[in-house]
Structures are given as C-alpha cells and as structure tokens.
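Any read-out appearing in this document is the output of simple, stated calculations on the displayed coordinates, not a laboratory observation. Everything quoted here is computed from the prediction, not taken from an experiment. In this analysis, Cβ positions are derived from the backbone assuming ideal geometry, glycine residues included, and neighbour counts consider all displayed protein chains.
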Amino acid sequence: MRKSIIDIIPHSFRARGYIVTATILIRALLNFVGLAALLPVLYLILDNENIHSNSWLSYIYNYFSFTSDTTFVITLSATMVGFIVLKSLVNLLLYRFERDYIYSLYRYLSRNLYIDYFNRGLSFIKASNSAVLSRNVNVVCYTFVAGVLRPMAVILSEALLFVLLFLSIAIYSPIAAAMTILIFIPTVWLYFSLVRQKVNKYGTIENEAQRQKYRDVVETYRGYADIEINNAFSRMLSAFDKNIDTIVDVGAKNATVSTLPTMFTEIGLAVGMALLVSLSVGLESGEMKILFGIFAVAALRLMPSIRAIMSAWTSLRYNKYTIDIIHDANIERPVKTENSSTEKFDFKDKITIDSLSFHFEDSDSDVINNLTFEINKGDKIGINGRSGAGKTTLFNLLLGFYTPTKGQISIDGEVLSDQNRRKWQNSIGYVSQSVFLTDSTILANIALGCKEEQIDMDRISKAIEAASLSSFISSLPNGLNTRIGECGALLSGGQRQRIGIARALYKGAEILFFDEATSSLDNDTEQNINSSIVSLANANSALTIIVIAHRESSLSYCDRIITLK
C-alpha cells in the first residue's frame, strides 16, 4: 500500500512532502521535550527536597545563584509554562505548513482528476456513470488526503513520540518500560487483530453504497417526468433506502470501532497501574512515589499517542479504497494544452472522408465500414438511415471525438488528428438533439465558454436575430439575463434548439453540424427550426451545413442526402 500511495503523490509535491515529513518529526520531538520539561516540576511536586538532592536541579539552583527555594520553584514553573507556550506556537506553525500541503495536494488531485476524466474523451464518458465520476472528483480526492494521508502523518508523529518516551522511560526505569511493553503492545495487537479485516470491508461497502446512492439521486431528478408518469419513484426510493441503510449500518459499525482505542488504552492503563502498585510492595515510599509518578505521567501521555495511532490506522484502512480509484486515474497524465488555443481552420475547399471505418474497443464489428465521400464548402448535406446505422458515430468522427479505426478525415487536405483537433473544433458549430445548457442565463449559454467581460454583445445580437430568438428574448422581463434552469428546464424544446443555433453562430462557425436537432420537436416547431436553418443557408452561401435526420422530409433543403445502411 505504501508504494501505491507514493505513486499517487505527484512528483511536484514529493520534495515538499519530505519537508512535511521533517516537520512531523520536529513536532514529535517538541512534544517529547515539552513532556520532559514537566519532569522537574513533577520532582518538586512529589518531593520538594529534590531541589538539593537531585544533581540537575541542584546544579541549576546554584548556577543561577538562587537563595530562596520558593523563588526557585516559581521561576522553574514559569519557565516551564513559557516553554510549553512557545512549543505550542511552534507546533501550530508547523501544523499549518502540513495542513497547507495536504489541502494543496487535494486541490491538485481533484482538479487533475476532473481534467483527466474529461481528456479521456467521449467514449470513456459514455461508458462511465456521471454521478460516480462526480463523486470521485468531489469526494474521493478529499477523502484520500483527509482519510489516508493525514492519518499517516498522525501515525508517524505519534509513533516517534511513543518511541522517544519509551526509550526515556527505559533509561530511567526499566521496570516501568517493561510494564509499558507488557500492557500496551498486547492491547494494540489485540485491537488490530479484532478490527483489521472488518475496517477494510466496511470502507469498501460504504464506498459502493455511496456510489449507488449518488447515481440513484441524479437519475431520479434527471428523469422526474418519466419516473412520475410510470409510478417508478417507489422503486427508486427503495433502492435509495437500501443504499442509505447500508451506509448507516456500516457507519454505525465503524463509529463503534472508532471508540475502541479509548476503551482499550484505558483498560491497559488501569491494568498497568494495578500491576505497578502490586510490584511496588516493599519499595521505600519516596522511591515508590517517583516510580509511580513517572509511569503515570508517561502513561497518560502515551495513551493519547496510542489512541491516535489506533484511530488513524482505522481511518486509513477504512478509506483505503480511495488509493485504487486515484491510482487508476493516472493523475499526472499530461494535460492537453491545445484546449486553450483559439486558432481556427481557414476552411476553403472541402472535407474528405476516405475509406473510413470505425468500431468500438469492446467490439470487433464495424459500425462504419469503408465509407468514402466529400463535402464541399457551402454544401448542405443530409445524412439519414435506420437506427444503429452509425449516423451519430459518423458525426462523432467528423467532430473529432472518435479516432477512425481505418481510413481518415481530411480538411483541405490536412488529416484530422489529435494535433489539430482543437483547431478544427474551433471552426465548427454543433447542435444536438439535446442541446447542452447550463443552469445559468440565456446570455451565458449562447456565449458558452466566454467570460462575461469578454462577451461581444454585437455578435450576440446578430446571433439571436439569425436564430429567430429576438421576439422571445424581448418578451422576458430580464431578457438575456433570464435564468433557464437545469438543462434549460424553463424553456420549450424549440427554444433550447434555437439557443444551440445561436451559440454556433456567435462562435462564428463555418461548418454547422445538426445531430437530429429537430427529431424531438413537434411538426410545427420542426418546420420553424428548419426554416431558420434554410434562412441561414440562404444568407451565407459559404456556410457548410451537415444534418442528421430520420425523416427525409427534414432534409428537403439539402443539396445531397447520404443514406447509411
């Protein structure tokens, strides 16, 4: 597991990680020194004659020329308090450095996982569940840094403190050290033996239930109309209840496990105290006081350390599943920098589809087989065919989302590839059957991807006029600043399609792709949209339009119709 965790840590964070490790060790040393600073005061509490009988206290007393035991005790106590305060402040600063590292790493992992999933392309997105991907980006990355890395830091710090305390006790009192081993080591071993497998299982079960619950909630709200009409909510609710019952059950069991470290360490301390009292029979009173006091102080400080180690270990095991999720994402995969380019193809002649074939990775059967044709600049091309003939797949190839299995697509003789895909996509507009709309304003959706201060309002006006949206927008109290709801829920189907057309026109696209953009509309609305497309074509003879439609009547304005079989 350690190697997997190290693999996840980006190279740019590893050097800083070594510094963080050093700060953890320094904090452990400071905590140890802080505890050691209590020992002189402990000596004085147990026997004030130690001022002169103890070699160290006597040396300090004489070196600073104290003449009053009371003044010495007050000065020593004040120094101890001052040191503890200073130690605590330094500890806080070091912890803040560690905390900033942890959250910077979370930001990096979450952001890069978000980018990585997007960069894997349309095939990956379609094959995955968006709710699961969303949870991985938003929840799993945070759980990894908070539930795996932070507990590892706690284990490292507290384990070092434990070793230092134990060695100190062993030097001063081998009996107390032996008792520590006899009491706490079996306690820890028993705890780990009892909960190890359970915690692993709890974490895996909880993660799967959370994923299912996320999916059920997203699908319920997304498919409200169908779920309500088909009276399917009870089934969705049943699945939700099942998953949330699993989460509650596992969470309750894990919460119980989390309380066990306190119980185990307290029982161990009680047993140790009892044994110490039993073994101290026959010792002189002063010697017994010192032995009991040293063990009590050390044990009381060891208890939180052992408890912290056990709790951190439990958290680490419970959240272990996050390691595989992030590790599989290849988080340091280079980000495609061409996405920021605004360069466009200067489309002058034609698009050539040459011996094009394509099949999906999990299939040996070609969806498109040896397809060849040309689209000249200014053409109005219709594509139809039965369902499953490969119309949308052809579009995804033309849009650059898929890579041909065989053959190629060329624009003015330049083969479409990963290197020029961004340049090509900057030149085209795309209107699908379900136009993507964000839960924001009409303006933001037309100028999708543009910062508000960069939007060209003159171009917006021309785009909405060409898309026949002017009268609709002018009828709204807030005009272009009207919010349209999730997925454009507050708009009609035709209005959503017109916003998609306006978006493509605002972009200044030279080639427009319509992927069954009117198939879900009623006849009148479909005819209106088609009329708008014809008007666009008539207004700009250089505009190239490629349309998918089931019905040939929807392609009546096209120069040519290509039928896929």
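Structure data summary
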item: Pairs beyond 19 Å (Cα-Cα), from 126/350; 201/253; 126/391; 126/451; result: 126/350; 126/451
item: Taking the C-alpha atoms of the range 338-564, convex hull volume expressed per residue in Å³; result: 131
item: Net lengthening on full extension, residue 556/residue 372 (0.36 nm per residue, minus Cα-Cα); result: 64.0 nm
item: Peptides ranked, highest mean first, by Cβ atoms within 10 Å: ranges 80-87, 246-253; result: 246-253, 80-87
item: Environment charge at residue 89 (Cβ cut-off 13 Å; Lys +1, Arg +1, Asp -1, Glu -1); result: +3
item: Share of Cα-Cα pairs in the range 339-409 lying beyond 16 Å, as whole percent; result: 55
item: Cα-based Rg of the range 373-415 normalised by 2.2 N^0.38 Å, two decimals; result: 1.24
item: Contour excess over end-to-end distance, with Cα ends at residue 103 and residue 19 and 0.36 nm allotted per residue; result: 28.7 nm
